[in-house]
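Below is one structure, written out as C-alpha cells; the observations come after it.
The values are calculated or read from the model by the stated rules, or taken from the named source; none is laboratory data. What you are looking at is a predicted structure, and each value in this text was computed from that prediction instead of being measured. Methodologically, a virtual Cβ is constructed for each residue, glycine included, from the backbone with ideal geometry; neighbour enumeration extends over all protein chains shown. Only protein heavy atoms, including side chains, enter the accessible area calculation; ligands, DNA and RNA are left aside. Shrake-Rupley method; radii C 1.70, N 1.55, O 1.52, S 1.80 Å.
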2 protein chains.
Amino acid sequence: MTSIKTTLKRKQAQQEILQAALPYIESGKYNQLSIREFCHEIGVTTGMFYRYYKTKSDLLAFYAIDTSKLLFDSLKDNFPTMSLREKLVSFCMASIKPLQTMGPESLFVFLNVKNPECNCDVSRQLFYDQIRYVFDSTYDGHQYAEEDLLDISNQLVILEKGIVYEWYSRQDDPTFELMPVAEHCFDKALDAYSFLNDEKS
Amino acid sequence: MTSIKTTLKRKQAQQEILQAALPYIESGKYNQLSIREFCHEIGVTTGMFYRYYKTKSDLLAFYAIDTSKLLFDSLKDNFPTMSLREKLVSFCMASIKPLQTMGPESLFVFLNVKNPECNCDVSRQLFYDQIRYVFDSTYDGHQYAEEDLLDISNQLVILEKGIVYEWYSRQDDPTFELMPVAEHCFDKALDAYSFLNDEKS
C-alpha cells in the first residue's frame with residue numbers, strides 16, 4: 001500500500017517538474033522537443049521524468065487538470081457577486097483556458113484517448129464535481145434536481161469537446177477565435193435550461 | 001480545364017470503388033486492411049485506387065459525405081408531416097449515422113485534419129446548406145433570420161463533433177450508446193432556440 005507521505009512526495013515531485021515545464025508548455029516549445037531534449041533543458045534526467053510521468057502527454061494532462069483547478073479556485077472568490085448562469089459560463093471558460101494555452105497541437109496529443117494516461121473519466125468527473133460545486137454554492141440545500149445537474153454537465157462537457165475539436169480543425173482559419181466562440185456556445189447551450197433564468201444567487 | 005464529362009466519369013469511378021468498399025467499411029474490416037490488401041480484395045489495382053482517392057481516409061470522407069447526402073434525401077420524403085424541430089433532429093441524426101457505421105477507429109482517421117483530404121470546410125458547408133434546406137422547406141419565403149440559421153448550424157455542428165469525440169473516447173464504456181446520447185444532445189440544444197417552439201410546419 002502506498003502511504004500518504006509517499007503520495008504527497010510524488011505529487012510534489014510532479015508539481016516541480018510541471019513548474020519547470022510551464023514556460024515550455026505555454027510557449028508551445030514543449031511540443032517540439034523530445035523528452036530527452038526537454039529533460040536536458042530543465043535539468044532532470046529522463047529516468048527522473050519517467051518516474052513521475054508516464055509519457056510526454058501525461059505531463060500535459062497533469063498541466064490541464066492542475067491549471068483548470070487553479071483557475072476554478074480563483075474564480076470562487078468572485079462567486080458571491082455572480083448569478084448561477086454567470087458562474088457556469090465562467091467555469092466553462094476556465095476549463096477551456098488551459099487547453100488554449102497548451103495550443104492545438106499539444107491538445108490533440110493530450111486528447112488522443114489511445115494514450116492511456118489521458119483518463120477521460122477523471123476529467124469528466126472533475127468537470128461534474130466543479131459544476132456541482134457551482135450549484136451548491138448558489139442554492140442552500142438541494143433545490144435543483146440531480147438529473148438536471150447531470151444533464152447540464154454532460155451537455156457542457158460534450159460541447160467543450162466539440163469547441164476544442166472545431167478549434168483544432170480551424171487552426172488556419174483567421175476568422176475563428178477560440179474564446180469568443182466558446183463563450184457564445186456555452187451561453188447559448190445554457191438558454192436551454194429554463195430554470196437557470198429564474199434562479200436567485 | 002476539366003470537362004463536365006471527365007468530372008462525371010471521375011465521380012462514377014469513385015462511386016464504383018466506394019460501392020465495392022461499402023461491405024468493408026460497414027463491417028469495420030476496411031480499417032484493418034492496407035490499401036494493397038483492400039485493392040486486392042475488391043479486384044482493382046492500387047494505381048487505380050490512387051487515381052480516384054488520395055489516401056485510405058479520403059475514401060472514408062467520400063463515404064461519410066455521400067451516405068449523409070443519401071440519408072438526407074430519403075429524409076425529405078417525410079418532411080411534409082414533420083415539424084421544423086423534428087426535421088432538425090432527424091437531419092442531425094442522419095449526419096451522425098454514417099460516422100457510427102464507419103466505427104470510432106476509422107472515424108478518427110477520417111476526422112484527423114492533418115489529413116488534407118478531410119476538408120472540414122466542405123462538410124461544414126454541406127451541413128449548413130442542408131440546415132438551410134430544412135428551414136426553406138418549412139417557411140415560405142424567409143421568415144427566419146439568417147443570423148439564427150447560422151447560429152443553429154454552428155452550434156449543432158460543434159455539438160456533433162463533441163458527441164463523436166465523446167463516443168470515440170468512451171469506446172470501452174458499455175453505458176454509452178451513441179444514438180440515444182446524440183438524439184438527447186441535439187434535442188436539448190434546440191431548446192435554446194425559442195422560435196422553434198412557435199413555428200408552424
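Some observations on this one:
- ³J(HN,Hα) computed for each position of the range A:9-20 - Karplus, 6.51 cos²θ - 1.76 cosθ + 1.60, integer Hz, glycine/proline x: 4, 4, 4, 5, 5, 4, 4, 5, 5, 4, 4, 5
- Amide proton proximity set for A:MET82, modelled H, under 5 Å, gap of 5+: none
- Shielding value for B:160-171 is 6, the average number of Cβ atoms from other chains within 10 Å of each residue's Cβ.
- Whole-Hz couplings from phi, Karplus 6.51/-1.76/1.60, listed for the range B:41-50; x for Gly and Pro: 4, 8, x, 10, 7, 5, x, 4, 4, 5
- With its label point defined 7 Å out from Cα along the Cα-to-Cβ axis, A:THR46 lies at 3.2 nm from the matching points of the other copies, in increasing order.
- 10 Å Cβ neighbours from other chains, averaged over peptide B:150-156: 2
- Average projection area in nm² (convex hull over Cα atoms of chain B, one quarter of hull surface): 13.4 nm²
- Take the Cα of A:ASP187, step 7 Å toward its Cβ, do the same at B:LEU150, and the gap between the two points is 1.6 nm.
- Percent carbon-and-sulfur accessible area, the protein assembly as shown, ignoring ligands, DNA and RNA, probe 1.4 Å: 52 percent
- Estimated buried accessible area (total), pair B and A, 1.4 Å, Å² to nearest 100: 2700 Å²
- Between 0 and 90°, nearest 10: helix B:56-76 axis offset from chain B longest Cα axis: 40 degrees
- Applying 1/(1 + (r/R0)^6) with r as the Cβ-Cβ distance of B:GLU41 and B:ASP173 and R0 = 41 angstrom yields a FRET efficiency of 0.80.
- Computed from the C-beta positions of B:ASP121 and B:ILE4 and an R0 of 22 Å, the FRET efficiency is 0.40 to the nearest 0.05.
- For the residue pairs A:LYS87/A:LYS188; A:LYS11/A:LYS76; A:LYS76/B:LYS188; B:LYS69/B:LYS97; A:LYS56/A:LYS97, the alpha carbons lie more than 22 Å apart in A:LYS11/A:LYS76; A:LYS76/B:LYS188.
- Figure legend: label point modelled 7 angstrom from the Cα of B:TYR50 along Cα→Cβ; residues of the range B:1-44 with amide N under 14 Å from it are B:35-37, B:39.
- Peptide A:186-193 - average C-beta neighbours from other chains (10 Å radius): 4
- C-alpha long axis of helix B:146-169 to longest principal axis of chain B, angle in °: 50 degrees
- B:MET93 accessible area, 1.4 Å probe, all protein chains in place, Å² to nearest 10: 30 Å²
- Looking down the axis that turns chain B into chain A, the chain B residue with its beta carbon nearest that axis, and the gap rounded to whole angstrom, comes out as B:GLY162, 1.
- Heavy-atom surface of chain A, accessible at 1.4 Å and reported per residue (Å²): 51 Å²
- Cα gyration tensor shape for the protein assembly as shown, rounded if a/c is under 1.5, else prolate or oblate: oblate
- Phi-derived couplings, Karplus 6.51 cos²θ - 1.76 cosθ + 1.60 at θ = phi - 60°, listed residue by residue for the range A:87-94: 4, 4, 5, 4, 4, 4, 5, 5 Hz, with x used for Gly and Pro.
- Contour minus Cα-Cα distance for A:ASN197 and A:LYS11 (0.36 nm per residue): 62.9 nm
- With the convex hull constructed from alpha-carbon coordinates only, the range B:1-53 shows a mean projected area of 3.8 nm² over all directions.
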